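First up is the structure itself, then whatever we jot down about it.
The values are calculated or read from the model by the stated rules, or taken from the named source; none is laboratory data. The shown structure was predicted, so the numbers you read here are calculated from the model rather than taken from an experiment. So basically every Cβ, Gly included, is an ideal-geometry build from the backbone, and we count neighbours across all protein chains shown.
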Amino acid sequence: MKRTDTMETKSGAVAIWAALAIVIVLIIALAVMRKPPEKAEDAGEKAVAVRTVEVQARPVRDVLRLPARIEPLQEAALGAQRAGQVVERLVDKGQAVAEGQLLMRIDARLWTAARRRAEIEARDAERDLKRWKELEKTGSVSASEYEGIERRRDAAEIALDEARTMEAQCEVRAPFAGTVVDRLVDVGDYANEGQAVLRLIRLDRVKVAFDVPEQDAGALQPGQQKTFTLAALPGREFEGTVTFVSSQAARESNSFAAELEAENADGALKGGMIAEVALLRREREGAIVVPLAAVVPRKGEHFVFTAVDGRAVRKRVLIGSLTGHEAVLDGGVESGERVVVEGHRGLQDGMSVAEAAAGEVLPAADAVSGTAAESPAEAAE
């Protein structure tokens, strides 16, 4: 009787568990049936929209662009050679002058008087010499007396030359053709000996002064032709000849001073303008070049993402040089590969990628010149 009760209890328990199992199966079935169809179909990985370009090897000119400054070919602070009052000013600031042109006069009355006195003494000495020469021929005077009169004539001529020089030094003349850029004294002012009174520059030809880094100084030689441009004169390119390369590096920068000389017939180049000199380092055939937008800087290194069979492949690259908005690579990418140029913010190695539709706006990643933050996954590495 006891055994029969036990069997009945076990049979009841099995029936209860079977009923519970049926209820659970029905609940799961109802949940699956009520799940939205679009979520049920979203079982695969969603591709990241990107834009890519195909890398092609091509010739590249490695050009170093150096800041430069336009300077006059000649520049002089014209001084008063004799002290005195300024009595005449014949030019003003901004005026073009010819070589040798009279620009200013200093009061020369004392020197003019000294010159006239010297002229009289020179004439008298010359007349006396002629008279004594006739007497010397007849033997009326000794040779020593005649030599004394000859020395007096020579001394008078020297004194006359000195007086003429002093008088001429009261005139300020242009040592070269150029433009007056500053007037430091005016009529009535007293000019001391050696005091600057005018500043004159020559701009029909100009110097282009710049500094060359130590590693590139050897590539620059006098006589070479180099091009330069100015932001103030867009659309124009100028050419100059290398005339100077310093043999001594500057202590503070370890760079070498250099100069070009260039024509400036139309006067477009003015002293003090900022220019940019193009220094060709080398020409490379078959170089791999990618847009700067494709390069992602992370932790001191540079990477690009390539698209291979619908997957992102991160590759470390070595940048050899920058040319405008492109990077010339020394390794990391081969010709024919497709690199991601848009949509690589947060992109990681191995993610599924697909070409974005035309007109679709994509987030950009850190270009080599940018400062956007790394993705959380990269920052944690």
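Results, tabulated for the structure shown:
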read-out: In segment 46-67, the residues that are over 30 Å from residue 315 (Cα atoms) and either in contact with a Leu (Cβ under 8 Å, 6 or more places away or on another chain) or modelled with pLDDT under 90 (or both); value: 66
read-out: Identity of the residue in segment 207-232, part of a strand (DSSP E or B) and over 25 Å from residue 254 (Cβ atoms), that ends up nearest to the chain's Cα centre (by Cα); value: 229
read-out: Filtered residues of segment 245-267 (kept if surrounded by fewer than 13 Cβ atoms within 10 Å (Cβ to Cβ) and closer than 30 Å to residue 94 by Cα); value: 265, 266, 267
read-out: Segment 234-283, subset of a type in the set (Asp, Glu) and part of a strand (DSSP E or B), residue farthest from residue 181 (Cα to Cα); value: 283
read-out: Selected residue (criterion: farthest from residue 221 (Cα to Cα)) from residues of segment 268-283 that are within 13 Å of the chain's Cα centre (by Cα) and surrounded by 17 or more Cβ atoms within 10 Å (Cβ to Cβ); value: 273
read-out: Matching residues in segment 86-130 - criterion: being under 54 Å from the mean Cα position of the chain (by Cα), part of a helix (DSSP H, G or I) and among the basic types (Lys, Arg); value: 109
read-out: Considering residues of segment 298-308 that are farther than 11 Å from residue 338 by Cβ and at pLDDT 90 or above only, the residue surrounded by the fewest Cβ atoms within 10 Å (Cβ to Cβ); value: 301
read-out: Candidates 235, 178 - the one that is modelled with pLDDT under 95, closer than 23 Å to residue 274 by Cα, buried (at least 19 other Cβ atoms within 10 Å of the Cβ) and not basic (Lys, Arg); value: 178
read-out: The listed residue being in a strand (DSSP E or B), farther than 26 Å from residue 178 by Cβ, modelled with pLDDT of 90 or more and of a type in the set (Val, Ile, Thr), out of 328, 317; value: 317
read-out: Check on residue 290, surrounded by 19 or more Cβ atoms within 10 Å (Cβ to Cβ), in contact with a helix residue (DSSP H, G or I) (Cβ under 8 Å, 6 or more places away or on another chain) and touching a residue at least 60 places away in the same chain (Cβ under 8 Å); value: no
read-out: Candidate set from segment 48-85 (those that are under 36 Å from the mean Cα position of the chain (by Cα) and outside any strand (DSSP E or B)); member that is farthest from residue 351 (Cα to Cα); value: 56
read-out: First in segment 254-266 and over 23 Å from residue 237 (Cβ atoms), second anywhere and β-branched (Val, Ile, Thr), Cβ under 7 Å, 6 or more apart; value: 255/212; 256/212; 256/245
read-out: Conditions (1) loosely packed, with under 14 Cβ neighbours inside 10 Å; (2) part of a strand (DSSP E or B); number of the one not met by residue 340; value: (1)
read-out: Residue tally, condition charged (D, E, K, R) and either surrounded by 21 or more Cβ atoms within 10 Å (Cβ to Cβ) or over 23 Å from the mean Cα position of the chain (by Cα) (or both), over segment 191-206; value: 3
read-out: Residues located in segment 347-370, provided they are of a type outside the set (A, V, I, L, M) and either more than 15 Å from residue 51 (Cβ to Cβ) or modelled with pLDDT of 85 or more (or both); value: 348, 349, 350, 352, 355, 366, 369, 370
